[in-house]
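Working notes for the structure below.
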Amino acid sequence: MLPTIFILILLIPILAIVLDSPVGRALAGRLERKGLGEAPDMIAERMAFLEGELERLTTEVRKLEEESQFMHDLLADRQPTEALPPVDGTD
């Protein structure tokens, strides 16, 4: 019983990592497109694909904005350091 619980506890973070990876997103997009059924016109399929891509790109842009803001805050809070003397090749 204890090994089963231990395995389940380990599977939760592993599943979260896999689902948040590009492979997990691609599988989700494929399942989403298949869930629409065999649409006779290609416009519906293309629209579903573009909506999925838009959601993915929106998430990526949001992450980039957060990273940019973090870097901006780090650089703004950085203390000015003294200038290092020039390095010359003669010792």
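Read-outs: derived from the displayed coordinates by stated rules, not from any lab. No experiment lies behind these values; they were computed from the predicted model shown. With ideal geometry, Cβ positions are generated from the backbone for all residues, glycine too; neighbour counts draw on all protein chains shown.
Listed values, structure above:
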{"read-out": "Per-residue Cβ neighbour rank within 10 angstrom, fewest leading, 4, 59", "value": "4, 59"}
{"read-out": "FRET efficiency for residue 32 and residue 65, using Cβ-Cβ distance with R0 set to 22 Å, rounded to 0.05", "value": "0.30"}
{"read-out": "Packing-based ranking, highest mean first, of 45-58, 5-18 given that Cβ atoms within 10 Å are counted", "value": "45-58, 5-18"}
